[in-house]
Structures are given as C-alpha cells and as structure tokens.
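I am attaching a structure below and will ask some questions about it afterwards.
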Amino acid sequence: MLKINNLHVQVGDKDILKGLNLEVGPGEVHAIMGPNGSGKSTLGYSLAGRDGYEVTDGSVLFDGQNLLELEAEERAAAGLFLAFQYPVEIPGVNNAYFLRAALNAQRKARGEDEVDSIDFLRAVREQLKALQMDDSLLKRAVNEGFSGGEKKRNEMVQMAVLQPKLAILDETDSGLDIDALKLVAEGVNRLRNDERSFVVITHYQRLLEHLVPDQVHVLSNGRIVESGGRELAERLEQEGYGFLSPEEDAA
Amino acid sequence: MSQTQQQVEQLIQSRYKAGFYTDIESETVGAGLNEDVIAMISAKKEEPAWLLEWRLKAFHHWQTMVGPNWAKLKLPAIDFQKIHYYAAPKQENRPKSLDEVDPKLLETFDKLGVPLHERARLAGVAVDAVFDSVSVGTTFQKELKEAGVIFCSFSEAAREHPDLVREHLGSVVPYRDNYFACLNSAVFSDGSFVYVPKDTRCPMELSTYFRINARDTGQFERTLIIAEPGAEVSYLEGCTAPMRDENQLHAAVVELVAQEKSKIKYSTVQNWYPGDENGKGGIYNFVTKRGDCRGDDSRISWTQVETGSAITWKYPSCVLRGDRSAGEFYSVALTHNHQQADTGTKMIHLGKDTTSKVISKGISCGKSQNSYRGLVRMAKRADNARNYTQCDSLLIGKTCGAHTFPYIESANPTAKIEHEATTSKIGDDQLFYCRSRGMDEEEAVALIVDGFCKEVFKELPMEFAVEAKALLEISLEGAVG
C-alpha cells in the first residue's frame, strides 16, 4: 500500500526527514511514535503533499503510483487521507456542503458520478451518530467554534465518509478525554478491513490500547530508529524516549 | 484526450460569458453633448415639456460642475464630447407587445439567460429588459396591473403616468446632487419605473436587465421605485456589456421612495465587462443610488454583488427620515486584475429610533484596488438611533489592495454606533485543508470566498443567490497561483 524509501524532506532550509524508510501493507495499522520535533507531523504533511515540504531525496510508492508526482488533491482522490492535528476553520462554509464538495471532487477526479444528496446525507448521519455528534454539526461552519474534541471527531467523520485507502492520523488523540479517545478509536476500528491501511502518529501509548497496531515505529531525528510490535509502545510508555541515543533525542 | 478538450472548452466558456455583441441596426445620435442632443432624446421618448425643461436645467448646472476626485480611484479623464448619448435598435414603430420585438433582441436576452417570451419566462419574476437606451419590453405587465402594481420602462411611465413621475423624480436624488447624477438627469435614457399602491404586496419579484450593446455609447438609466404606505416590493437588477478595448461610461441614478410602513428590497448583481487581464477596456460605473425612508416604520434594504466594471463608484444609501425606519446595506465587491472599486453606503439617520445595518465584504485579487467608503450620520433629533457596521476584506495574492474609509458623524448623544472591520488573507492552511480533501485550488478558493460572503448571499432572492455565487466563481478564476 505504502512504501517509503530513504525519504528526505526539507522545510525552509531545515532538513527534517533524513532518510526515512517505512512499508505499510494493505489492511495494516502502523503507529509512529517519537519525541516532539522528531518529524512526525512533517511525515504526514509530506505524504499529503503540502506546499513548502520539499522532498530532496527518496521515493514514495502509494498503491503502485509514484505519490510524489501527484498534487495534494490528486493524492486525496487516489485514496490518501490526512486527519489534521489542528483541523482548519473555514468560516461561512457549512460542514455538509464542504464534505459533499470534497467527496464529489474526488469522485469526479476518479471518473465516478457525483453522489446523490440523499445517499450522502444518510451516510454522514450514520457516521455522526457513531461518533456521538449532533446532526446540527452539518449546518455549522467547518470547524468554526468547535471544541478541540469536536474538531478531531469531525476529522473522523470526514474520513469515514471519504473512505480512503490509507489514512494518516496526525496526533488525533491529543487533547481528547478518554471517552472521546474511545470514540475515535472505535471510528478507526470500524473502518479497518483487509484493504484499508492506517498510519497513526501519536505521542502516547494510550490510543494504542484501543487501536491495536500491527507495528510500532519510533521516529527520531528524521529517521525510524526502532520498529517492533505493540510491546515497543509499552516500553516507550514506561521508559520514555530515553533509551534512544542522546544525539538522536536532541532533535 | 477528451479531458483536455473539455478543459479547453471550460476555459473558453468560463471567460466573461456576456461578452458577445449583437449585430443589429441601431439608431444613434452623433457623439457629443449639447442642448440639441438632450432635446432629441426627450423628443424620441415623447416626453412632456416639463421633463425636457428639467433635463436642460440639469445640463446647465452640470456645465458648472467638476468631477469628483476624492475617491481612491485612478480615473483617466473622460471626454464627454466623444460619447454617444442615445442608441436604440432601429424599429419602425414602438412595438406594442413582446411579439412585435425584433427576434434578434429576444435572442440576445435568451443568450443572457433572461428569456422574455411567454413560454420560457422565469416563473415568479417580472422582467424589464433594457437594451442600450431603450426598454425592449416588460413581462407580466398584465398580471401586475391586476394587483395594481405599475412596472414599466421609465419612458413609458413619463408618458403614461406623468403625475407620479413628476411628483417623485429628483425628490430623492436632486439633479444638483453630484456630478454624475447631474449628468444623468440631463441625458438619462431608459430604466424602470415601479409603483406599488397602498397596502399592496407586489405578487412577484421585479427585475430589470440592463444591456449595453452599441459601441462608444454611454448608458444612463434612471430607475424610480415608489412604495405607498404599507406596500412591499422586492426588485433586482442585473447588467452586462460586450468585451471591448475601449472604456464605456455607465452613470445611473436610482431613487427609492418608501412611505409609512412600506418595505423596499433592492438587489443588484453587477457584471459589467471588467476589462481584460491587462486592464484594457471595461465599463466605468458611476452610480447614485439612494432610498428615502420617508414614512415612519419604513424599511429599505440594499444588497449588491459587484464583480464587474473597470471602475466602480457607488454608495447605495438610505435617508432614514421616518421614526423607527430601518436601512440595510449588504455588499460583496470583488475586484480582480486591474479593476478598481470604491463603494460603500451612507446611512443618514434623521428620525428617532432609526436603525441601520451595514455588512460589507470586499475581495481583492490580482492587481486590483478595493475600497469600502461608508458614512453613518446621526442627526440632532435622531434620538436612540443605532447603527451596526461590519466591514471585512479578504486579500488573495500579494499585489492587490483593500482599504476602509469609515466616516462617522453623530450630533445626538443617545445614538449608538458600532463599527467592526477585519482584513484577512486566504490562508495557506485553509487552502491545503481543502486540497487534502480532494478539491483543486480554484475550487478551494471559490469555496472559501463563498463562505466569506455567506451573510450577504443569504439576503439575495434564491434564484439570484445561485447566479451570484456562480458569477463569483467565474470572476475568481486565475486569482491564485
């Protein structure tokens, strides 16, 4: 599904990712952990195609395509989704309209018909219910005046409606209380199947209790320095990132 | 391969869609402005003598005036002797009904999306179609007459309802008011006339579509709307012109008279040709619009969506004379390429407990300059008058400008005036958020701008809100990147 080879990314004139390798198979959930400043969010933005995140070396294959050749919107249409750490507010644009415009843009790019409004509303309402969000959310402007938790859950609604092949969750758990955390985890678990893959970027182990990953990676100073099973996350929780060598921790 | 072709087609289509020219034999007076020209316009329209006198008084006064220079506009000198002041499609006799109108004219309005013939008319909207200096026809006149509403061209009103016209013409915008209003008073050609009798709610939306077609002509329409006590009317105007390298002048006057407890809602979707991407051509749009809330508890609401014209200079205003009368101004002004807009409103509070609300949304892109200029004046006897003004500017790109010039004058200590202003840019984060969900950049910009304008769009009648939104999307094309 996703194959990252020796990825180097520069932001401004600063090297952030310095030869990152990662392979995620279909249906797999991979967790990326690491200290602040290690390059976790940069990884998410680079994969989603944000301007200003310049790939200076390496390659990324997504579902057999060269991901780095695609514009951000083309990546979305190809099935890549990034759940933002800080979802953006768009005043005056209601949520339902936004989501439908997004879905139809993707469908159009894939040569599919636009979605029927009744089917669309039904699908969205279902997701809202699952994430215990009120229908009134559809009429509110995108993320405007939402609480931190609502914003994160709204990202999960979008993910569920857009049905990506690969979802990258950038610290979706941060700022959530335990109930919201469980809802988010359930939201992801419901979407898990043999095809769909997830890259879960997180600071804490607690999300991984509800969202059991196939692999855990430790990102430090722009590289994956350690990979393992769930037990690696537990070890990090107990020991912190201290077992990483000091110069790598310095980033 | 077919996709590329589609893209090309879309691109061509999405340019200024109304930029075509109708090849029709036209009757034009020679260029230049003098008493003979004015007398000829008046004679063509078979006007009563007093109206010609009024025009000439205006002309003599105009000759003593100089053009305004206080707006934030780079305005090239206009040679008023090079303009033709009257142009009309040639016809033997004045057509008695729409069936007698030249099919080429009907076709033109068809193409502009304003079908006039019976079978294709917009449901629930009566249209007066003005082509250069004359009205081509007005739909649903019979139905409106049954309700007691008069909706016709200004020329027809001057012939058929001279007393009403004489009583109200110039009563809101006197001919001496300002340079362009004065010019208009001397040479005005067609526009619309609306009269809604006492306690009558106009049964349908009224709308005028203004089309400039002939070369080197100016359009000087005059619109007068009278709402008697308890009357209600919603009126909308739209306008377009062919694409030309030369600039053309449009100087209109609109007067609204709102008697006691009446309501007038006036909406504009202005899409005059804006000029090309290098700033060549386009309409100079100098318009005086004013509503007089003459009666107690009357209400006038202006909504405008301004996307066209090379230069826009207009300040739809309300004189809140009656106690508890209310004025509103909702505006979206978008400027692109080399367009310049200096627009806003004046809310003159004279009566007690009068209220006004101003919501202005300016969007600037390309190398354009966009200014909001607004006056709120509280007169001495305007006890407890209130105004709320919100003025937001959105910048797209780095080479455009947004400016705000609020003027506040209060002579009454009980008056309350609130003014809020913001300036923002479309954020990279907003754009990336939309793109990461699958929208391309243009779609994303259109979506964000649409959200920015939401408060104004919701004031437009439904059919026109959709049109305004589409127009904005087209006008934004190429604004980013």
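Restricting to the stretch B:452-481, name every residue that is within 14 Å of another protein chain (Cβ to nearest Cβ), at negative phi and more than 23 Å from the chain's Cα centre (by Cα).
Listed by number, the list holds a single entry, B:480.
Which of the residues belonging to the stretch B:45-65 are modelled with pLDDT of 95 or more, among the basic types (Lys, Arg) and open to solvent by less than 40 Å² (accessible area, probe 1.4 Å)?
Correct list: B:55 only.
The rows are residues; the columns are (1) surrounded by fewer than 24 Cβ atoms within 10 Å (Cβ to Cβ); (2) modelled with pLDDT under 90; (3) not hydroxyl-bearing (Ser, Thr, Tyr).
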| residue | (1), (2), (3) |
| --- | --- |
| B:270 | no, yes, yes |
| B:312 | no, no, no |
| B:331 | no, no, no |
| B:346 | yes, no, yes |
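OK, next. State whether one or more residues within the stretch B:393-409 are of a type outside the set (A, V, I, L, M, F, W, C), farther than 24 Å from residue B:74 by Cα and not in a loop (DSSP other than H, G, I, E, B).
Checking the stretch B:393-409: at least one residue is of a type outside the set (A, V, I, L, M, F, W, C), farther than 24 Å from residue B:74 by Cα and not in a loop (DSSP other than H, G, I, E, B).
Residue A:93 - would you say it is over 20 Å from the mean Cα position of the chain (by Cα) and β-branched (Val, Ile, Thr)?
yes
If we keep just the residues of the stretch A:22-38 that are surrounded by fewer than 23 Cβ atoms within 10 Å (Cβ to Cβ) and small (Gly, Ala, Ser), which is modelled with the lowest pLDDT?
Top of the filtered list is A:37.
Here's a check for you: in the stretch A:127-136, which residue that is closer than 19 Å to residue B:437 by Cβ and outside any loop (DSSP other than H, G, I, E, B) is farthest from the other protein chains (Cβ to nearest Cβ)?
Ranking the qualifying residues of the stretch A:127-136, first place goes to A:128.
Is there a residue being free of Cβ contacts under 8 Å to residues at least 60 places away in the same chain, more than 13 Å from every other protein chain (Cβ to nearest Cβ) and surrounded by fewer than 21 Cβ atoms within 10 Å (Cβ to Cβ) anywhere in the stretch B:429-450?
no
Would you confirm whether or not the stretch A:215-229 contains a residue that is acidic (Asp, Glu), closer than 17 Å to residue A:40 by Cα, touching a strand residue (DSSP E or B) at 6+ places or on another chain (Cβ under 8 Å) and surrounded by fewer than 20 Cβ atoms within 10 Å (Cβ to Cβ)?
yes
Residue by residue through the stretch A:163-190, note down the ones that are surrounded by fewer than 20 Cβ atoms within 10 Å (Cβ to Cβ) and within 14 Å of another protein chain (Cβ to nearest Cβ).
Hits for the stretch A:163-190 are A:163, A:165.
Can we say residue A:59 is hydroxyl-bearing (Ser, Thr, Tyr), under 22 Å from residue A:200 (Cα atoms) and modelled with pLDDT of 95 or more?
For residue A:59, the condition - hydroxyl-bearing (Ser, Thr, Tyr), under 22 Å from residue A:200 (Cα atoms) and modelled with pLDDT of 95 or more - is met.
Among the listed residues A:155, A:126, A:144, which satisfies the condition of being within 16 Å of the chain's Cα centre (by Cα) and among the acidic types (Asp, Glu)?
Among A:155, A:126, A:144, only A:155 is within 16 Å of the chain's Cα centre (by Cα) and among the acidic types (Asp, Glu).
Can you report the number of residues in the stretch A:39-59 which are within 11 Å of another protein chain (Cβ to nearest Cβ), open to solvent by 10 Å² or more (accessible area, probe 1.4 Å) and of a type in the set (A, V, I, L, M)?
Count: 0.
Follow-up. Counting only residues that are surrounded by 21 or more Cβ atoms within 10 Å (Cβ to Cβ) and away from chain B (no Cβ under 13 Å), how many does the stretch A:137-159 have?
Of the residues in the stretch A:137-159, 3 are surrounded by 21 or more Cβ atoms within 10 Å (Cβ to Cβ) and away from chain B (no Cβ under 13 Å).
Residues being assigned to a strand (DSSP E or B), of a type in the set (Gly, Ala, Ser) and in contact (Cβ under 8 Å) with a residue 40 or more places away in the chain: count how many of those fall in the stretch B:318-346.
Residues in the stretch B:318-346 being assigned to a strand (DSSP E or B), of a type in the set (Gly, Ala, Ser) and in contact (Cβ under 8 Å) with a residue 40 or more places away in the chain: 2 in total.
Among the residues of the stretch A:60-115, how many are of a type in the set (Asp, Glu), assigned to a helix (DSSP H, G or I) and within 11 Å of chain B (Cβ to nearest Cβ)?
2
Still on this structure, I have one more. I need the full set of residues from the stretch B:127-164 which are among the charged types (D, E, K, R) and touching a Cys at 6+ places or on another chain (Cβ under 8 Å), in order please.
Once the filter is applied, which keeps residues that are among the charged types (D, E, K, R) and touching a Cys at 6+ places or on another chain (Cβ under 8 Å), the stretch B:127-164 yields B:128, B:160.
Here's the yes/no breakdown for (1) open to solvent by less than 40 Å² (accessible area, probe 1.4 Å); (2) within 19 Å of residue A:172 (Cα to Cα):
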| site | (1), (2) |
| --- | --- |
| A:64 | no, no |
| A:78 | yes, no |
| A:83 | yes, yes |
| A:87 | yes, yes |
| A:91 | no, no |
| A:103 | yes, no |
| A:108 | no, no |
| A:116 | no, no |
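On to the next question. Could you check the stretch B:151-197 and list, in sequence order, the residues that are without any contact (Cβ under 8 Å) to a residue 60 or more places away in the chain and more than 21 Å from residue B:129 (Cα to Cα)?
Answer for the stretch B:151-197, where residues must be without any contact (Cβ under 8 Å) to a residue 60 or more places away in the chain and more than 21 Å from residue B:129 (Cα to Cα): B:163, B:167, B:174, B:197.
Across the stretch B:231-245, what is the number of residues that are surrounded by fewer than 24 Cβ atoms within 10 Å (Cβ to Cβ), among the hydrophobic types (A, V, I, L, M, F, W, C) and at pLDDT 90 or above?
Here the count works out to 1.
May I pose another question? Residues that are under 15 Å from residue B:234 (Cα atoms) and either at pLDDT below 75 or open to solvent by 30 Å² or more (accessible area, probe 1.4 Å) (or both): list the strands (runs of 3 or more DSSP E) wholly contained in the stretch B:109-155 that include at least 1 such residues.
B:150-153
Taking the stretch B:272-287 on its own, how many of its residues are outside any loop (DSSP other than H, G, I, E, B) and open to solvent by 10 Å² or more (accessible area, probe 1.4 Å)?
Summing the residues that are outside any loop (DSSP other than H, G, I, E, B) and open to solvent by 10 Å² or more (accessible area, probe 1.4 Å) in the stretch B:272-287 gives 1.
Now a separate question. Please go through (1) in contact with a Gly (Cβ under 7 Å, 6 or more places away or on another chain); (2) modelled with pLDDT under 90; (3) under 23 Å from residue B:113 (Cβ atoms) for residue B:223 and return the number of the only condition it doesn't satisfy.
That leaves (2) as the condition not met.
Would you mind finding the one in B:418, B:467 that is open to solvent by 70 Å² or more (accessible area, probe 1.4 Å) and either at pLDDT 90 or above or touching a Cys at 6+ places or on another chain (Cβ under 8 Å) (or both)?
B:418
Which numbered condition trips up residue A:136, out of (1) modelled with pLDDT under 95; (2) out of contact with any helix residue (DSSP H, G or I) (no Cβ under 7 Å at 6 or more places or on another chain); (3) of a type in the set (S, T, N, Q); (4) closer than 30 Å to residue A:46 by Cβ?
Of (1) modelled with pLDDT under 95; (2) out of contact with any helix residue (DSSP H, G or I) (no Cβ under 7 Å at 6 or more places or on another chain); (3) of a type in the set (S, T, N, Q); (4) closer than 30 Å to residue A:46 by Cβ, only one is false for residue A:136: (4).
The values are calculated or read from the model by the stated rules, or taken from the named source; none is laboratory data. Keep in mind that what you see is a predicted model, and the values were worked out from it rather than measured. Quick reminder, even Gly has a Cβ in these numbers, built from the backbone with ideal geometry, and neighbours come from all protein chains shown. SASA here: full protein model, heavy atoms, side chains in, ligands and nucleic acids out. Shrake-Rupley method; radii C 1.70, N 1.55, O 1.52, S 1.80 Å.
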